[in-house]
Structures are given as structure tokens and as C-alpha cells.
Ligand code: NOJ
């Protein structure tokens, strides 16, 4: 039965930010060989799929999301040979490798843009989005960059502006030009032919822009903090063209055996599910970021999961994300005490979980002194650096308590400072402990992969007898059924769950000190505890 499902449905996705995972050549920046060294660890924690943030040649204005060559590897990360070895070693372990595809924009140093900016008559002029100035000589319209200021940059030589939704060194490609569409498909083909298993597609929802270049309206609910949020982005986000391009990408990927694409889709559910495609012909999965953005509250989370389950068309496979390289780390966002509850939830909901590196040991955001800040939205907008800066979530992986946390050799200056708690919170320590974030993570992934109810079974939330508790049931045919009970609060409760079943057996507690038969009419749950109960 399980065979009917694809690897991207049953397996866990683990995101690696290559600069920060493992530095094998002592330059303070992580690299591909470092990741290869750590593959046994990754397999050992029960991960199936690695999603690698960009490792392509890049001037690094946005740390690799500004690609200067889509079909090569940046020398700081290694060589194409190193990449080949990584891919081979991943596959040897029966794992999968998904690359980050950044189709919305290139680097301003990409040869395509160099040609485009060279003259108005260059055949690649129209590969990017060029417009004449407004009548006052200013930008053509009011569109804003995600990273601060106008989304238009003036080119004196041609007296035109080009569009960049991110930094000015990231000019947006023009997807109304069929040559651009084909060029990006060729990029995908290059990597698919090498054997990569799929792509995480960066800002897939931004690929289409309004043909009339209309001004975006003000958002009356803007809180006055992040300038980009001043507007409602109806002309730069989620236009039909983004769906057309996605369909082309899917068509190509489907020509290969069992590959996949997962799109970056920060959207309300109604719009999100459209990225599966009307005929399931767009993304295999558009990322569901709703839990990443939500207040950590049992009722809110339950509603978000229930709503998603209700709206998701039958043939579409769910997924959940609790952390990535753009958002605060879980421990910082919801507090250390709740991270184990969150882990239990992520690894037991119906759908593919995506885990950001370091979350398995409960890493926190690092504290980045102002002189070390590097992330463009923070550098460009120092007054809101704390709100928009992403350096704190990208600090080096904490492998051990030794110098540089085992990420890099002693004495090397790492590209970002380590988070302050690496001596107490690291893989080496947690691997030795019977009770740790990591041992819980492993226990959960083991159970998940061995129990059909947890990998492919159905989901139904139940009344948990307390507003601070979220409970749900996973069942699959005649296999064992499970109830997951998650206490989001600092209170101890006795819950009456006899409506679900009379008796059950607690097989995992997030506190890892309890395996016992229990009467579900008076289930005792401790503060910040999560339980998996077999019944
Ligand atoms: C979304 C990526 O996740 C983010 O890190 C990046 O800065 C922007 N897209 C631009 O590529």
C-alpha cells in the first residue's frame, strides 16, 4: 500500500543553508564537502530529502539568491565534481536531493543581464523588465522592493528603469518573453539530467507582473513598520502568468522519473491550493507556511490545520513548515519549552514536514552585533533590522561544544558569529543524552516512518477537553491508530478523552520519561508536554 506514495510524500525534507552547515576547508563558510561529511548524521535522524539553498556562482548580495550562473557551483562551496559526489552519496543512502531554483531574478552580474543593460537594442534587452521613467523622471510606478525602497533602479545610459523586487543587484526576469521561459527550463533540464530529484522554486508567486504596470493600492491596515507591507501587492504577486510558468516547469519535470517541485507560496489557503494546479499540473506541493506565521496557540493551530485539511482537494498532498532561512527560529518564536511539542506536531500531522537545519536540536536565533549584520533587508533598513534581518536564523550549525561549534576549525572566523548557546546546545551533547531535542526528534521520525497511520493515514482533530490542548487522531486501515495530544500551556491538566477511546498506551512523551497504559477518561498531561497515544 505504502508503495503507492512518492518519496516526497512519505519522507521528511531537511533544509540546509550551505554557508552555515559544515565548513570542510576552513574558510569560515560551509561547503558541499562539509555536507557530504555529515550525510550519515542526516540519514541517522530520519531525514529522506535534503533541500539545498543556492550553491551557484553569485556575488552574494543576497547570499546566493542572486545567481550569476545557474549551471555551476560557487567556488566557496566547491566544484561541480564535489556536487556530483554529494549527489551520489545522497543517492547511495537512498536519500534525495532537491535544489533551490531562483527563476524570478538573476544576479546583475549574470551574462544575460550584462547583455540586457548593455544597450536598448540588445537581443536580451527584453529578457528583463525595462520601463521609461514617469513623466516627472521618477520610477515608472509605485512598486516597492521587499528589501526596502522602490523596486525600480535607474540606468542613466539608456534613461530607463529596470525592475527588481529584491535588491537592485537582483533584476527581475521578464516571463512574458518565451525565450526567458525556455532558458529557465533549460536550467532545470541541466540539473534533472544530472539526477537531482527536484526543485524548491523561489518566489514562484512573483513570476508574473501586471502588464499595465499599474500602481499598487495602499493597505489601510498597514502597521507602519515594514515599508514593503504598505501596499497590497495585487500587481506583482500571484498573477495568472505565475501559474502558466509553473505548468511549463511541471511538464518538464514530469518527463523524468519521480522528480518533484515544491513552490515558495506565502498565500491564503484559497490561493495557495491553486498552485497544485487545476489538474494537479503545477507544484507537487506549494509550501504551506501558515503554521510558521501563526500565533502559537492550540485553538489557532487546530483551526489552521482543520481549515487546510478541509480545503485541500482530494488528490493534493499536504505539507507543513515551522522554520526556514527567512523566519525566526522556532525556539526564539515560541520559546524553548514548546519546541518539543512543535516537533511532535510537525512530525505527526498528515503531510510532508519540512525541517530547517538545527531545529532538531532546538537552536535559537543568534545575536548579531550591528557591525556583523550582512543581510540586505537589515543593511538597507537599519531602523527595522530586528524585524527584517535574517542573519540571526542563519548562524552556523552547532555540532559540538568545541571551538567554532565543530562547524569550522578553531581560530577560523566564521562568516556569521555562532549563537551564544552552542556550548550547551549541540549535536554531540544531545546525541549522548537519552532525553534531548535530538533524541525526541529521532524517536518521532522512527515511529513516523514505521507506522502507516502516521505517514499516510487520515487526520481528524478531536475535542481535547481544554482550550490549551490540541488533539488529533491518525488512522490507517487495520494498522495501529494514534492520538496525539499537545499541551500548549504551562499548566498541568487532567483531560477526559473517553469519547475517543477507553484506554490507550502512551508510547512517546515529549519529556521522554513515560511509556504506560492510561485511562483516557482521566489523562494527565504536564506543562509543555506532548503525547503520542496508541489505541
Ligand atoms: C525568497 C528566499 O527564501 C529569500 O531568502 C530570498 O532573499 C528571496 N526569495 C529572494 O530570492
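Tabulated data
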{"read-out": "Checklist (1) under 33 Å from the mean Cα position of the chain (by Cα); (2) buried (at least 22 other Cβ atoms within 10 Å of the Cβ) applied to residue 513, failing item", "value": "(2)"}
{"read-out": "Set 113, 147: member being within 16 Å of the ligand (Cβ to nearest atom), closer than 30 Å to residue 35 by Cβ and part of a helix (DSSP H, G or I)", "value": "113"}
{"read-out": "Filtered residues of the range 512-535 (kept if in contact with a helix residue (DSSP H, G or I) (Cβ under 8 Å, 6 or more places away or on another chain), under 16 Å from residue 442 (Cα atoms) and outside any strand (DSSP E or B))", "value": "512"}
{"read-out": "Which numbered condition residue 353 fails, given (1) touching a helix residue (DSSP H, G or I) at 6+ places or on another chain (Cβ under 6 Å); (2) closer than 17 Å to residue 489 by Cβ", "value": "(2)"}
{"read-out": "Filtered residues of the range 263-283 (kept if within 18 Å of the chain's Cα centre (by Cα) and under 26 Å from residue 328 (Cα atoms))", "value": "263, 264, 265, 266, 267, 268, 269, 272, 273, 275, 283"}
{"read-out": "Residue, nearest to residue 333 (Cα to Cα), within the range 390-405, restricted to residues that are more than 22 Å from the chain's Cα centre (by Cα) and crowded, with 20+ Cβ neighbours inside 10 Å", "value": "405"}
{"read-out": "Test: residue in the range 401-415 that is closer than 24 Å to residue 146 by Cβ, in a helix (DSSP H, G or I) and touching a residue at least 40 places away in the same chain (Cβ under 8 Å)", "value": "no"}
{"read-out": "Of all residues in the range 156-184 being over 16 Å from residue 58 (Cα atoms) and touching a residue at least 60 places away in the same chain (Cβ under 8 Å), the one that is nearest to the ligand (Cβ to nearest atom)", "value": "165"}
{"read-out": "Helices (runs of 4 or more DSSP H) lying entirely in the range 314-389 (those with 2 or more residues that are surrounded by fewer than 16 Cβ atoms within 10 Å (Cβ to Cβ) and over 19 Å from the mean Cα position of the chain (by Cα))", "value": "336-346"}
{"read-out": "Residue that is over 27 Å from residue 317 (Cβ atoms), at pLDDT 95 or above and surrounded by fewer than 18 Cβ atoms within 10 Å (Cβ to Cβ), where the choices are 529, 477, 534, 424", "value": "424"}
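For (1) more than 23 Å from the chain's Cα centre (by Cα); (2) farther than 30 Å from residue 352 by Cβ, each residue gets a yes or a no:
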| position | (1), (2) |
| --- | --- |
| 215 | yes, yes |
| 221 | yes, yes |
| 227 | yes, yes |
| 235 | yes, yes |
| 240 | yes, no |
| 253 | no, no |
| 261 | no, no |
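Let's see how each residue does on (1) surrounded by fewer than 18 Cβ atoms within 10 Å (Cβ to Cβ); (2) more than 24 Å from residue 218 (Cα to Cα); (3) in contact with a strand residue (DSSP E or B) (Cβ under 6 Å, 6 or more places away or on another chain):
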position	(1), (2), (3)
112	no, yes, no
116	no, yes, yes
124	no, yes, no
134	yes, no, no
172	no, no, yes
181	no, yes, no
186	yes, yes, no
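The values are calculated or read from the model by the stated rules, or taken from the named source; none is laboratory data. Quick caveat: nothing in here was measured; it's all calculated off a predicted structure. Neighbour counts run over all protein chains shown; Cβ positions are idealised from the backbone, glycine included.
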